[in-house]
Each structure stands twice: as C-alpha cells, then as structure tokens.
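Undergrad: The structure is given below, and queries will be raised subsequently.
The values are calculated or read from the model by the stated rules, or taken from the named source; none is laboratory data. Predicted model only: the values in this text are computed from it and were never measured. Neighbour counts are summed over all protein chains in view; Cβ atoms, including those assigned to glycine, are modelled from backbone coordinates with ideal geometry.
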Amino acid sequence: MKIIATYNIKGGVGKTSTAVNLAYIAAENGYKTLVWDLDPQGASSYYFRVKPKIKGGSKKLIAGDRGLDGLIKATDFENLDLLPADFSFRNLDLVLDARKKPTQRLKKLLAPLAKEYDFIFLDCPPNISLLSESVFEASDILLSPIIPTTLSLRTLEQLKKYIKDSKLKHIQLIPFFSMADKRKKMHREIIESLAESHPDILETVIPYASDIERMGWERMPLGGYIKRGRSHDAYQALWQEIIRRTL
Amino acid sequence: MTAIPLHFELPENLTATKFLKKLAKKIEVEITSQQYTIKSFYDSFDWRLYGADIVCEFNHSRITSQLNLINRKTGELIAQEKMQDIPAFSKDFPKGRLKTLLEQKLEMRALLPICQLPYEAYCINILNKDRKIVLRLQIDEHEFLTNTINLLPLKGYEKATKSISYLMKNIFCLKPIDSTVINSALKQQKRKAKDYSSKLTIKLKPEMPADEASIVIYRHLLQAMKVNEAGTIADTDSEFLHDFRVAVRRTRSGFSQIKNTLPAEVISQHADFFAWLGQITGLTRDMDVYLLSYKNYQQALPLSLREDIAPLQAFLKQKQQAAQKELAKKLKSPEYIKQLMAWEHYLNQPLPKKSKESNAKMSIKALADQRIWKVYIRLLKEANAISESTPAEALHDLRKTCKKLRYLMEFFQNLYPADEIKSLLKALKGFQTVLGDFQDYEVQELKIKQFSEEMMDNKTPSNTLLAMGVLVQYLDSMRCAARKDFAKQFALFKQAENKAVFKKLFAHKA
Ligand SMILES: Nc1ncnc2c1ncn2[C@@H]1O[C@H](COP(=O)(O)OP(=O)(O)OP(=O)(O)O)[C@@H](O)[C@H]1O
Ligand SMILES: [Mg+2]
C-alpha cells in the first residue's frame, strides 16, 4: 500500500482535483484505491456525491475504537472508495492535540487498511498544522501541485526546508505544475526555467482547462465524463510519471 | 444476524423488461446497459477453486470482459480483473490480487473452462437524491434457466441494500436463491461439481467377496487413467500425467498386494502392460518434477547466481517436451488402446461363481485386515533395522514398503472408521515424506550432475555450470538433512498411539 497526500501550504492550487482524478485513474487500472477527504470543506466528498458526514465526527474518528473501515463509502466507480469529510474536521487539530502522540495518529489509523487498498490518497486542507504533521508521518508520497508563479515557488522551498528540518526521511516530495496557463507569459517562462534548475519537478504539467473546472458541475472525476482530450491525457501522463518515479 | 438475501429468482413468465417496469413504479432506477453476455466458469480439473468455496467466472460481452472470483457461500466479490483472454496458468496472470489468490489455490494446475451460460445482462443503478449510486442490480435473463435478479451492495450503503432486499422479498414476493448459478449451469450439462478428485473413494462392503472387491478397485483405477489420459496426451498440466501414473502404480500395487483373488494367469497377462506404462511415463514425469522444482532451485542459490541458472530451465523444458511427445505418441498407439481395452473388457466380465484362487471368496474386510497388518509389521521390521550406518538402499526399499501400505489403506479406507484411518494415513504420509525427500534429493543430485555434463557440450555459460554446482551442493545438504531426520520421523510414526490404532483396526483377527 502506498499513501499519497496531495498537499500545499497554499489553498486553491488543485490539491483536491489532483487527488480525485489520480485516484480515479489508479482505480481504473485495477488498483484498490481510497480517497480520504480530510478537508472540512468536503470538496472531494462533493465530487463523489457522498454526504460530508461521518458518525461521531472527528473525535470518534481519531479515537479510532471502531476503525476506519465502517466509515468508508463505495463511490460510483469500481475499486474506488471514499472516506468522507465531516464538518467537525475543522477542529481536527484540537482533537489531535489532546492525544498522546498526535503526529503518529493518522499512520496508526491507516495501518489496518493496508490489506485492503493499494493506494490511499489523502486530500488535505491547506497550511501547516498538527494535521499536516500527522499527514506527513503517514504518507509515503507528498504530491504537491504548484501554480507557476514566483510566489508558489517560494512556498515550495519552504515546504522542502520544513521536510528537511523535521527529518521526514521516509517521505518523497513530488512537486508538479498545476493550473498552468499557456497564454500567460510568466507561466511559460517559469516552467521553462525551472525544468533545468529543479529536476525534482515532474515533467507533466496540468493545464488550466475548463474541462477540469467543470468537475464541480458534473460532480464526478474528470474520467467519469471525459474519455479523451488534453486534460484527460495530462492526468494520465501525471499518473504514469508518478508510478515511474516511485515504484 | 442472518444475512440479507441478495439473489432472487424471477417467476417464469416475468421478463426483465416487465419486471423493470414494475420496479420503476416503486423506486428511481437507471438502466445503464443491456448486454448479451457469456459467462464461462473456470476451475482446475480437480476443482481446487470450488473446493476452496471460490467460483471463478469470466463474463464476456461486446463491451467488456472481466474475470471475477466470488465467494461461493456469501456471493462476495473477492477479486476481479478486466481481461480479454484467460491464461492457462496462474503464473501468467498480470500481477495483482487475482494472481496471488489463483497461485495459492491452483499451484501447478491449469485453469480450464468448465461450462458456459449465455444470458442477457441488464445493469441497473439505484440512485439517491444526489444521484449517487447506492445499489447496483443485475438482472440475468437466461435462455434455459430461470431469470435471476442480483443485488450488488456498495460499501457504506447497507441501508439501501436492506430496503431493496426487503422490497424484492416481501413486496414483489421473489424467491431468494443461491448466490451462484454454477450448479444449475453444471446440471444443465449433466455434470456435477467436484466430479473428479485425485483422492480415492472406493465404496466397498465389508462382506463383499474379495474377487468382486478387487474388480471394483481396478475399475476405479482404470477410470482414473481414462479420465486423465486426454490431459496427459495434451500436456494440459503436469497433474494429469501424475494422476495417470498414480493410477497405474496403484493398479500394479494391487496386483502384488491383493493376491490370489483374481486368476493368476489374468493378472500376469496384464501385469506387463502396466509395467510398460510405468516405464514409458517415467521420463516425462521426472522432467515435470524438475521443472516444478525449478523455482526452489533458484531460491536455493545465492542472489548473484539466480539469473545464471536460467539455461537449466530451458534445457529441462526441451527435454520435457521431447519426452512428452514420445509419451503422447505411445498413448495414442493402437497397441496401448488394444491392451487397455482388453483390461477393461476383463473387468466388465461377470465373475465365475467358483474360483480356484485361495482368497477369491474370502470377505474383503478379512483380507484387508490381513494384508494391511502384514505389511505394517513388515514396515516396522524394516525400519527398526535401519541405523545411522545403514546404506541408502535399505531406506529406498522401506519407501516402497510404505507405498504398498499406503495404497492398501487407501483402497480399503471406507471399510474402517473414517477418523481413525485418516489419522493413520496422515502419520504414514509424514513418515513417507522424509523417505521420499531422502531418495528424491539423491536422484536429483545425480541428475543435475548428469545434466551439467550434457549441457557442457552445448556452449553453456560457465556461470550456469557454477550455479548448478552450487545446486548440487544444496541438494546434497538437503539429502543429509532428510537422512538425519529419519530417526525422528520413524519414532513419530511408530509411537504407541498409532500402534494401538493399527492394532485395533487391523490385527484383531490375525
Ligand atoms: N487545472 C485546472 N484548470 C482549471 N480549473 C482548475 C484546475 N484545477 C483546479 N481547478 C479549479 O480550481 C478550484 C480549486 O481547485 P482544487 O479544489 O482542486 O484546489 P485545492 O488546492 O484542493 O483547494 P483548497 O485549498 O480550497 O482545498 C476548483 O474550483 C477547481 O475546479
Ligand atoms: Mg481541496
């Protein structure tokens, strides 16, 4: 089992779209896949038409007495399940903080699912918090979408430094460009210049596309309503590149 | 908690379309597809999947083909994979859940199509108010069987499953049925699941005259040969030949161990044929065994040599194929067919009322007691005479005696209380393993040496020969370990509890 967190300190960079669409592709390729919606906003739950509600809320969840299995919902797609968000996740930090080893908590909760799933995607809310620390401990891969602007690059450097300082050696940070707009000169230039200086950034670029924006209207992953085209191919290529890098 | 029924039968005159109309009046349904589908059931020849409560079905339609493994008892989907063709062997499946499961259950056995069932499949989604699927339904409209409706529950939506199941049972008054139609499909083709097993189950009555019982046993063994013949000739998998050989060996063992029941001249007339069968099948079986052991051979090598051994596999395959070809030719020869038919003809003849054979009219139970006890005592005597310095020959002879005892006990198994004879057979099997290992490692050691000499002539890389050298050393160490283990295994076998059961079952009349 591999745990992949889509993470960025910044909001609105494509974390949820990435988690949902890559999970869809993994499942389509025969891998048993789970998306865990950790964001109280419940965006990924929304995309799968699942109510953002779990019995007992964050307290019961983090206590972990009943395990996660009973909270999981099958999506409309084969091999693809969802652990929905809950509004109470907005105080997840507090709930975690009340426990003994808060940063180990998520990892512990996820361990029993190893038998069942090949990939687990953690869709995280933005910013660095106790929850994100817990996510870092649990994840094998930190997939970080970055919008090609100078500011986003600074946040990437911050994240790298944070991982280094926190001695999170088990984690593989994989950044890639998201919502890249070809018409914008700055986007093009940044992508070009960074290809050389930052070989760790994936070659695949997810373009800014109305197809992708439409997910909110369709309420399903891109692959559920589009079987070909630029956006579709970009996510496929992204998945292939990640697989090549990590397996 | 009783399980919620998920599978129902539609009444005879109710088509899928009519039923869907009725259903749509009650709940919101979305028909996603209607496809002519062919369901093919797969299993090994000896029903290993069915025996493990797994049904393997391949659903093939114009738009999709998928292999499913389903729990036969609960209907739960254990593994699935989209694929176009079904490989014969689990090792050739794409990596994943399905492969892992199949490898565990099937081992060396081929996955074969068992029977087919064409049907019209209607796939239906049941949606909630967010238009999220909460349950899937499938209606199968069969040509020859009654139509069925199947609920395919989704994790986390148990409530929906429960209420639709209730609707089917109590509002539409449908009859719940088994999760799989495999048994109905088999019945239609006049077959039954588990209609072949390599285990002997011969039904004998204790008071049956021994000559009559012998005929029953030989018929059984002949049947096993006939059933495995086609697979042996086609080399479908290595177990066909194995089971064929076992039937031959058992027959020969019968000739020598159930003596003086059938006329001596008849036995001697057919004994040569069975000896010949043993001989012509030997080489192919040996090669099969080496090929089956190949993975172990590889594992026994240090990592740096594991790739280098590959030419040995190619060499073995080539030899196996040559031997197999020869064997197939012989099993298709008029001579073989003639002899086999003669034996069958004899077994179908009525027995004479009187016989000059001394054991012919003895009750089979009495004869079985006598024979098993005698061979058991002989086995103990031979084994007791073995010390650490006894030459290998004596252990090989002892192995033969064990086999004789084993076959006798298997022939007559159902004349004795099942749990007691089973426990003795198990103990004997354990003891046989150490003797088998001892001899097999010795033979393999010699053979690998011999192969390396043969391979030396065809420009085999030196590292391959080196790897084979290491392998010989490994086999030698395993042989020594088996030899050392002998005393312990024999002690286990001859322990008082076993002896008491042997005595109780077989010795009271002697
Ligand atoms: N490649 C893209 N092209 C166009 N629109 C996109 C693209 N990726 C995401 N969006 C849109 O941008 C918005 C934010 O995307 P998304 O929710 O995936 O980001 P996020 O990082 O998860 O946001 P948050 O931090 O709020 O969780 C959404 O409305 C989404 O539809
Ligand atoms: Mg998000």
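Undergrad: Which one of these does A:Ala23 not meet: (1) closer than 20 Å to B:Gln80 by Cα; (2) away from ligand 2 (no atom under 14 Å from the Cβ)?
TA: Condition (2) is where A:Ala23 drops out.
Undergrad: Right, A:Arg105: away from every other protein chain (no Cβ under 14 Å), away from ligand 2 (no atom under 12 Å from the Cβ) and over 20 Å from A:Pro145 (Cβ atoms) or not? Even if it seems obvious, please write down each step before you answer.
TA: Details: away from every other protein chain (no Cβ under 14 Å): yes; away from ligand 2 (no atom under 12 Å from the Cβ): yes; over 20 Å from A:Pro145 (Cβ atoms): yes.
Yes; evaluated as a whole, the condition is true for this residue.
Undergrad: Hey, any hits in the range A:148-163 for a residue that's within 16 Å of ligand 2 (Cβ to nearest atom), within 15 Å of the chain's Cα centre (by Cα) and either more than 14 Å from chain B (Cβ to nearest Cβ) or assigned to a strand (DSSP E or B) (or both)? Break it down stepwise before answering.
TA: Our first condition is that a residue be within 16 Å of ligand 2 (Cβ to nearest atom); within the range A:148-163, this holds for A:152, A:155.
Subset that is within 15 Å of the chain's Cα centre (by Cα): none.
There is no residue in the range A:148-163 that is within 16 Å of ligand 2 (Cβ to nearest atom), within 15 Å of the chain's Cα centre (by Cα) and either more than 14 Å from chain B (Cβ to nearest Cβ) or assigned to a strand (DSSP E or B) (or both).
Undergrad: Within the bounds of the range B:121-130, is there any residue that is on the phi > 0 side of the Ramachandran plot, within 14 Å of chain A (Cβ to nearest Cβ) and not in a strand (DSSP E or B)? Full working, then the answer.
TA: Step one: list which residues in the range B:121-130 are on the phi > 0 side of the Ramachandran plot, which gives none.
No: the range B:121-130 contains no residue that is on the phi > 0 side of the Ramachandran plot, within 14 Å of chain A (Cβ to nearest Cβ) and not in a strand (DSSP E or B).
Undergrad: Continuing with this model, one more query. Out of B:Lys18, B:Lys26, report the one residue that is surrounded by fewer than 17 Cβ atoms within 10 Å (Cβ to Cβ), within 16 Å of B:His142 (Cα to Cα) and among the basic types (Lys, Arg). If you could, list the steps in order and put the result at the bottom.
TA: Details: B:Lys26 fails: within 16 Å of B:His142 (Cα to Cα).
Checking each option against the conditions leaves just B:Lys18.
Undergrad: Mind listing just one residue for me: the one in the range B:81-98 that is within 14 Å of another protein chain (Cβ to nearest Cβ) and in contact with a helix residue (DSSP H, G or I) (Cβ under 6 Å, 6 or more places away or on another chain) and, of those, modelled with the lowest pLDDT?
TA: B:Glu81
Undergrad: Quick one: in the range A:221-241, which of the residues that are assigned to a helix (DSSP H, G or I) and aliphatic (A, V, I, L, M) is nearest to ligand 2 (Cβ to nearest atom)?
TA: Within the range A:221-241, the subset assigned to a helix (DSSP H, G or I) is A:222-225, A:230-241.
Among the residues that remain, those that are also aliphatic (A, V, I, L, M) are: A:222, A:234, A:237-238.
Values: A:Leu222: 15, A:Ala234: 19, A:Ala237: 22, A:Leu238: 17 Å.
For the range A:221-241, the residue satisfying everything is A:Leu222.
Undergrad: Could you tell me whether any residue of the range A:201-214 is assigned to a loop (DSSP other than H, G, I, E, B), away from ligand 1 (no atom under 11 Å from the Cβ) and more than 26 Å from A:Ile190 (Cβ to Cβ)? Talk me through it step by step, then tell me what you get.
TA: Narrowing the range A:201-214 to residues assigned to a loop (DSSP other than H, G, I, E, B): A:201-204, A:208-209, A:214.
Now drop any that are not away from ligand 1 (no atom under 11 Å from the Cβ), which leaves A:201-204.
Then keep just the ones that are more than 26 Å from A:Ile190 (Cβ to Cβ); that gives none.
No, that holds for no residue.
Undergrad: Here's a follow-up. Restricting to the range A:200-220, count the residues that are away from ligand 2 (no atom under 16 Å from the Cβ) and either more than 14 Å from every other protein chain (Cβ to nearest Cβ) or aromatic (Phe, Trp, Tyr) (or both).
TA: Matching residues across the range A:200-220 total 13.
Undergrad: Got a sec? Which of A:Leu96, A:Leu82, A:Leu68, A:Leu130 is within 14 Å of chain B (Cβ to nearest Cβ) and either within 30 Å of A:Ala195 (Cα to Cα) or surrounded by fewer than 22 Cβ atoms within 10 Å (Cβ to Cβ) (or both)? Lay out the reasoning, then the answer.
TA: On the way: A:Leu96 fails: within 14 Å of chain B (Cβ to nearest Cβ); A:Leu82 fails: either within 30 Å of A:Ala195 (Cα to Cα) or surrounded by fewer than 22 Cβ atoms within 10 Å (Cβ to Cβ) (or both); A:Leu130 fails: within 14 Å of chain B (Cβ to nearest Cβ).
Going through A:Leu96, A:Leu82, A:Leu68, A:Leu130 in turn, the sole match is A:Leu68.
For every residue, the table says whether it meets (1) within 16 Å of ligand 2 (Cβ to nearest atom); (2) within 15 Å of A:Leu38 (Cα to Cα); (3) in contact with a strand residue (DSSP E or B) (Cβ under 6 Å, 6 or more places away or on another chain).
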residue	(1), (2), (3)
A:Val50	yes, yes, yes
A:Asp93	no, yes, no
A:Asp97	no, no, no
A:Leu109	no, yes, no
A:Phe119	no, no, yes
A:Ile128	yes, yes, no
A:Ser132	yes, yes, no
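Undergrad: Taking interchain pairs and intrachain pairs at least six residues apart, which have beta carbon atoms under 6 angstrom, with the first residue in the range B:72-95 and within 19 Å of B:Leu6 (Cα to Cα) and the second part of a loop (DSSP other than H, G, I, E, B)?
TA: Filtered contacts from the range B:72-95: B:Arg72/B:Asp53; B:Arg72/B:Thr180; B:Lys73/B:Asp53; B:Gly75/B:Leu6; B:Gly75/B:Ser179.
Undergrad: Restricting attention to the range B:139-166, which residues are away from chain A (no Cβ under 14 Å) and in a strand (DSSP E or B)? Can you show your working first?
TA: Just the residues of the range B:139-166 that are away from chain A (no Cβ under 14 Å), to begin with: B:139-150, B:162-166.
Of everything in the range B:139-166, those that are away from chain A (no Cβ under 14 Å) and in a strand (DSSP E or B) turn out to be B:Ile139, B:Asp140, B:Glu141, B:His142, B:Thr148, B:Ile149, B:Asn150.
Undergrad: Further question on the same structure: Given the conditions (1) within 16 Å of ligand 2 (Cβ to nearest atom); (2) modelled with pLDDT under 95, which single one is not true for A:Tyr31?
TA: Every condition holds for A:Tyr31 apart from (1).
Undergrad: If you go through the range A:33-47 one residue at a time, do you hit one that is within 14 Å of chain B (Cβ to nearest Cβ) and charged (D, E, K, R)?
TA: First pass over the range A:33-47, keeping only residues within 14 Å of chain B (Cβ to nearest Cβ): A:33-37, A:42, A:44-47.
Adding the requirement that they be charged (D, E, K, R) leaves A:37.
Yes.
Undergrad: If you go through the range A:18-32, how many residues are facing another protein chain (nearest Cβ under 10 Å) and under 19 Å from A:Ser139 (Cβ atoms)?
TA: 2
Undergrad: Next up: A:Val13: over 30 Å from B:Arg97 (Cβ atoms), more than 12 Å from ligand 1 (Cβ to nearest atom), more than 14 Å from chain B (Cβ to nearest Cβ) and not polar (S, T, N, Q), yes or no? Give the derivation first.
TA: Numbers: over 30 Å from B:Arg97 (Cβ atoms): yes; more than 12 Å from ligand 1 (Cβ to nearest atom): no; more than 14 Å from chain B (Cβ to nearest Cβ): yes; not polar (S, T, N, Q): yes.
No.
Undergrad: Let me ask something else. Considering only residues of the range A:23-48 that are in contact with a strand residue (DSSP E or B) (Cβ under 7 Å, 6 or more places away or on another chain) and more than 25 Å from A:Ser88 (Cα to Cα), which is farthest from ligand 1 (Cβ to nearest atom)? Reasoning before the result, please.
TA: Here is the first cut: in the range A:23-48, the residues in contact with a strand residue (DSSP E or B) (Cβ under 7 Å, 6 or more places away or on another chain) are A:23-24, A:26-27, A:30-31, A:33-39, A:44-45, A:48.
From what is left, the residues that are more than 25 Å from A:Ser88 (Cα to Cα) are A:24, A:26-27, A:30-31.
Working: A:Tyr24: 13, A:Ala26: 17, A:Ala27: 18, A:Gly30: 25, A:Tyr31: 21 Å.
Looking at residues that are in contact with a strand residue (DSSP E or B) (Cβ under 7 Å, 6 or more places away or on another chain) and more than 25 Å from A:Ser88 (Cα to Cα), I get A:Gly30.
Undergrad: Considering each of B:Lys374, B:Lys295, B:Lys381 in turn, give the residue that is part of a helix (DSSP H, G or I), under 29 Å from the mean Cα position of the chain (by Cα) and among the charged types (D, E, K, R). Spell out the reasoning first.
TA: Working: B:Lys374 fails: under 29 Å from the mean Cα position of the chain (by Cα); B:Lys381 fails: under 29 Å from the mean Cα position of the chain (by Cα).
After applying the criteria, what remains is B:Lys295.
Undergrad: Moving on. Report yes if some residue within the range B:101-111 is in contact (Cβ under 8 Å) with a residue 12 or more places away in the chain and within 14 Å of chain A (Cβ to nearest Cβ); otherwise report no.
TA: Yes, the range B:101-111 contains at least one residue that is in contact (Cβ under 8 Å) with a residue 12 or more places away in the chain and within 14 Å of chain A (Cβ to nearest Cβ).
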